[in-house]
Amino acid sequence: MSILKEINELKKNKNAIVLAHNYQPEEIYQVADFVGDSLELAKVASEVVADIIVFCGVRFMAETAKILNPRKKVLLPAANAGCQMADMVNAEKVRELREKFPNAIVACYVNTTAETKTECDVCVTSANAVKVINSLTQNQIIFVPDKNLGSFVAKNSKKEIILADGYCYVHDCISIEDVEIVREQYPDAPILIHPESKREVVDMCDYVCSTSQMISVSKEIDAQTIVVGTEVGMLAKLRQEVPEKIFVPLKSNALCSDMKLTTLEMVRDCLAFEKNEIILDKEVMEKAKVCIDRMLLLS
Ligand code: 13P
Ligand code: SF4
């Protein structure tokens, strides 16, 4: 039996659903019931009625699915898949920042552990960060951990944003020179950029998008060739969704190694043996849910 068939049989027999992030290896798309960005995946996970969610992505995303749908069994095929940026802040650091800025509230990027989220007031994703922050009544906001996304929010808000020092190594390495080179090569091509990139790079580009917003913008804009400034796995998704257009990477070696850990064999095995389950403390889940729910309400 082919591995695709095996996985589909297991999904049916075990009443399981497979969710995958846009950056996952292309072969994983074939077994996914839904592929999307962090916000879409969180929303879909909260509504899953199946018994098991197989989450093809990194740990914080699977944790978010568990927090939003705690009665379901959530499995992470690549058990070691983490997010290096999520590990740049923790609950202790958030408490220290609160002490330093007692009048501020704390907004966290969804790219944080469940433990970190327990200390935060509201969560955001790349798709809704500006909207969520601007709809808060408080004026002073500590933003963790991504200094680049935080700085993009600060530019698009009247709020006082206190930045942390985290960053995504995949996006932070996209440089001004990368934009200059691609502009010279493709002078008429619009550049889409993910807001985890440096502020000075974002300022040079044409559309600031979450991964899934890149798909909708690419469909809408009147351009045949489009430059994509994010993790290169996104190009496979764009080519699938918008086959009539040409997509060029802004940086061809922008690769998230953790996102690429998942294999079809891992999906099959974790489903067959129901292993790599996300287990979180009940109190942690309840506390972390408060800031995620607040985001979903505001976005
Ligand atoms: P999106 O929410 O845009 O999918 O981004 C998640 C992420 O980890 C980007 O590096
Ligand atoms: Fe984390 Fe960056 Fe990988 Fe996204 S691309 S999961 S932010 S390390």
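The values are calculated or read from the model by the stated rules, or taken from the named source; none is laboratory data. For clarity, every value in this text was computed on a predicted model and none was experimentally measured. Positions of Cβ are generated from backbone atoms using ideal geometry, with glycine treated the same way; all protein chains shown enter the neighbour counts.
See the values below:
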quantity	calculated
Filter pass, LYS219 being of a type in the set (Lys, Arg), more than 28 Å from LEU75 (Cβ to Cβ), more than 14 Å from ligand 2 (Cβ to nearest atom) and modelled with pLDDT of 95 or more	yes
Region 145-186: number of residues that are touching a Ser or Thr at 6+ places or on another chain (Cβ under 7 Å), among the aliphatic types (A, V, I, L, M) and more than 30 Å from ILE246 (Cβ to Cβ)	1
Residue satisfying condition, being in a helix (DSSP H, G or I), surrounded by fewer than 18 Cβ atoms within 10 Å (Cβ to Cβ) and away from ligand 2 (no atom under 16 Å from the Cβ), within set GLU286, GLU274, GLU244	GLU286
Unique residue being within 16 Å of ligand 1 (Cβ to nearest atom), under 25 Å from HIS21 (Cα atoms) and surrounded by fewer than 18 Cβ atoms within 10 Å (Cβ to Cβ) when the list is SER216, SER252, SER210	SER216
Unmet requirement for ILE279, which otherwise passes all of (1) in contact (Cβ under 8 Å) with a residue 40 or more places away in the chain; (2) away from ligand 1 (no atom under 16 Å from the Cβ); (3) of a type in the set (A, V, I, L, M, F, W, C); (4) part of a loop (DSSP other than H, G, I, E, B)	(1)
Answer residue from region 243-298, given it is touching a strand residue (DSSP E or B) at 6+ places or on another chain (Cβ under 7 Å) and of a type in the set (S, T, N, Q) and is nearest to ILE191 (Cα to Cα) among those	THR262
Test set (1) of a type in the set (S, T, N, Q); (2) away from ligand 1 (no atom under 11 Å from the Cβ); (3) under 18 Å from the mean Cα position of the chain (by Cα); (4) over 19 Å from LYS131 (Cβ atoms) - SER197 fails condition number	(2)
Total residues in region 157-174, condition under 17 Å from VAL208 (Cα atoms) and over 21 Å from the mean Cα position of the chain (by Cα)	1
Among the candidates ALA154, ALA189, residue that is surrounded by 18 or more Cβ atoms within 10 Å (Cβ to Cβ), more than 16 Å from ligand 1 (Cβ to nearest atom), closer than 25 Å to LEU39 by Cβ and not β-branched (Val, Ile, Thr)	ALA154
Enumerated helices (runs of 4 or more DSSP H) restricted to region 7-97, each holding at least 1 residues that are of a type in the set (Lys, Arg)	38-47, 59-68
Residue in region 176-194 that is farthest from VAL124 (Cα to Cα), counting only those that are within 21 Å of the chain's Cα centre (by Cα) and away from ligand 2 (no atom under 15 Å from the Cβ)	ILE191
Which numbered condition VAL94 fails, given (1) more than 15 Å from ligand 2 (Cβ to nearest atom); (2) within 19 Å of SER38 (Cβ to Cβ); (3) buried (at least 16 other Cβ atoms within 10 Å of the Cβ); (4) not hydroxyl-bearing (Ser, Thr, Tyr)	(2)
Neighbours by Cβ (under 7 Å, 6+ apart or cross-chain): first from region 43-61, farther than 11 Å from ALA32 by Cβ and within 13 Å of ligand 1 (Cβ to nearest atom); second modelled with pLDDT of 95 or more and hydroxyl-bearing (Ser, Thr, Tyr)	PHE60/THR112; PHE60/THR113; MET61/SER38
